[in-house]
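The values are calculated or read from the model by the stated rules, or taken from the named source; none is laboratory data. From a predicted model like this one, the values you see are computed outputs, not experimental measurements. Neighbour counts run over all protein chains shown; Cβ positions are idealised from the backbone, glycine included.
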Amino acid sequence: MKIRRVMLAAPKSGSGKTTITCALLQILKDQKEPVFACKCGPDYIDPMFHETVLGIPSQNLDTFFSGEYNTRALLLKNRKENDLIIMEGVMGLFDGLGGVREEGSSYHLAKITKTPIVLVIDAKGMGQSLLPLISGFLSYDTEHLIRGVILNKMSKHYFSVLKPIIEKELGIEVLGYVPEDKKGSFKSRHLGLILPKEIPDIQNQMKEIASRINETVSVKALKRIAEEAEEWDIQFPTKIERFQTENAPILAVAKDEAFCFYYKENLNLFKEYGAKLQYFSPLHDKELPNKCDGILFGGGYPELYLKELSENKSMKKSIREAFANRMPFVAECGGFMYLHEWIQGKDGIKYPMVGIVEGGAYDTEKIVRFGYIELQEKAPYFLSKNGVIKGHEFHYFDSTDSGTACIARKPSTGRIYECIKSGEHYFLGFPHLYYPSNPEFVEKLVQKAKEYRRRIHCK
């Protein structure tokens, strides 16, 4: 199968990958190319920007979560001949697990999918020093995947001087430059970029950025590099048998401005195991969806909507009653925080929340946990004995009681610690989980939802 593809990577975070990726996606979309976006790693926010441009979901590709074979399979899933895929890298090109291993890095993804790389370099304040920087990356590129360079935050004049020098001395194509424009980039907060919905008139902003970049970056050269990607195919794993029935359990998924961090593959897996998904808003709805049989609270930014969440008393009451009836609950990070008795905002006020988890969550003003983890549950409520599920943590908030039901292991260092509150019908904690790494977790949750449905709704 001929799938055109190219990765935009960088020497470090903050080099401008997301802005340039979104601009190129917009240009290719306007050119009527069958273009799709992927994000390397576990990030939730960058794919939201991709989706804002294309109008279709972006896809996370993570070699730690999925392994090499399944990552390749995910890339090719539902693709057609001559599709064009733009991958956005994560952190620095070679930064994988713990910042020191290849696994989980942009380079590892490019390597196992045989994807050419265009290096986006923050060139501000640099001149000829760009040459040893680029040379170093080229020498470290054992698979010879780096095919081009884009120089970000550079003037037109300086680009005209440096481009021929770089190409002559290093033999690498320079596709163009992007002038520094503080207005033409997306703002960040503690967990990364602000969300697309928070940016006024974002569609027009993206089109304006794309128009400017189209004048200074050769999209023709980018497509040529993507065209040069090797043809390859893969035998897909046998699809999970669908268990859909007329009495399929309904899984209520919290999704609004406060709760929006979900992996597409996670939600798809619930459907494959026979659950129906129904979205609701803890911010705006008055109560849980009628006749739901389980609840998934994803991560997000509940700390930005504390007053609104706190004042929605009918929703909180509805959630407490469902929990008291032993409805299956899964909550991750921001969703876990919401289920506490209170969340303390930056204003020092403790806002009353749902009250299922004793104590509260509070801002530490520093990263509490960061990076990939592997989880084992002490008691086999959602995972079998010795079963492992992969995930990651990235949060500034902490809890007065983060739980002790699971052992978390850092794969890069082997360090272990306790987390998660779990029981027969609930699994609550800060970690974001990647369910396809252990589908048993989804199977058990769906089974618990079915049992709840028979007990409560099918009397």
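For the reader, a short list of remarks on this structure follows.
- Residue in segment 289-326 that is nearest to K444 (Cα to Cα), counting only those that are in contact with a strand residue (DSSP E or B) (Cβ under 6 Å, 6 or more places away or on another chain) and assigned to a loop (DSSP other than H, G, I, E, B): D293
- Within segment 402-440, tally of residues that are under 19 Å from F259 (Cβ atoms), in contact with a strand residue (DSSP E or B) (Cβ under 6 Å, 6 or more places away or on another chain) and not in a loop (DSSP other than H, G, I, E, B): 8
- Of the residues screened, Y279 is not one that is modelled with pLDDT under 95, closer than 28 Å to L195 by Cα and in the same structural domain as F370 (by TED's automatic domain parsing).
- Search result, residues across segment 324-352 that are under 29 Å from the mean Cα position of the chain (by Cα) and among the polar types (S, T, N, Q): Q344
- G92, sole failed condition from (1) at pLDDT 95 or above; (2) small (G, A, S); (3) farther than 30 Å from K2 by Cα: (3)
- Considering (1) touching a Ser or Thr at 6+ places or on another chain (Cβ under 9 Å); (2) more than 29 Å from E257 (Cβ to Cβ); (3) modelled with pLDDT of 95 or more, the lone condition that R72 does not fulfil carries the number (3).
- Hits in segment 101-123 - residues which are assigned to a loop (DSSP other than H, G, I, E, B) and either of a type in the set (A, V, I, L, M) or not assigned by TED's automatic domain parsing to the domain that holds D141 (or both): A123
- Screening N78 with (1) among the polar types (S, T, N, Q); (2) outside any helix (DSSP H, G or I); (3) on the phi < 0 side of the Ramachandran plot gives one miss only, at (3).
- Filtered residues of segment 255-271 (kept if touching a residue at least 60 places away in the same chain (Cβ under 8 Å) and assigned to a helix (DSSP H, G or I)): K264, E265, N266, L269, F270
- Residue selected from segment 247-266 under the condition of a type outside the set (D, E, K, R) and more than 24 Å from R320 (Cα to Cα), by the criterion nearest to the chain's Cα centre (by Cα): Y263
- The C-beta contact set for segment 99-119 (first residue on the phi < 0 side of the Ramachandran plot, second residue of a type in the set (K, R) and in a strand (DSSP E or B), distance under 6 angstrom, 6+ apart or interchain) comprises T115/R5; P116/R147.
- Taking (1) without any contact (Cβ under 8 Å) to a residue 40 or more places away in the chain; (2) hydrophobic (A, V, I, L, M, F, W, C); (3) surrounded by 18 or more Cβ atoms within 10 Å (Cβ to Cβ); (4) part of a strand (DSSP E or B) in turn, V354 satisfies each apart from (4).
- Lone unmet requirement of (1) at pLDDT 95 or above; (2) touching an Asp or Glu at 6+ places or on another chain (Cβ under 8 Å); (3) of a type in the set (G, A, S) for G345: (1)
- Yes/no for L138 being more than 27 Å from F65 (Cβ to Cβ), touching a strand residue (DSSP E or B) at 6+ places or on another chain (Cβ under 8 Å) and in a helix (DSSP H, G or I): yes
- The single residue among S402, S422, S437, S412 that is modelled with pLDDT under 95 and surrounded by 15 or more Cβ atoms within 10 Å (Cβ to Cβ) turns out to be S412.
- Residues that are closer than 18 Å to A210 by Cβ, surrounded by fewer than 20 Cβ atoms within 10 Å (Cβ to Cβ) and more than 17 Å from the chain's Cα centre (by Cα) do occur in segment 9-29.
- Of all residues in segment 48-70 being surrounded by 20 or more Cβ atoms within 10 Å (Cβ to Cβ) and among the β-branched types (V, I, T), the one that is farthest from the chain's Cα centre (by Cα): V53
- Residue check for E180: out of contact with any strand residue (DSSP E or B) (no Cβ under 7 Å at 6 or more places or on another chain), assigned to a loop (DSSP other than H, G, I, E, B) and at pLDDT below 95: yes
- Taking each residue of segment 168-180 that is under 16 Å from T21 (Cα atoms) and looking for partners that are polar (S, T, N, Q) and crowded, with 18+ Cβ neighbours inside 10 Å with beta-carbon atoms closer than 7 Å, six or more apart or interchain, yields V178/N152.
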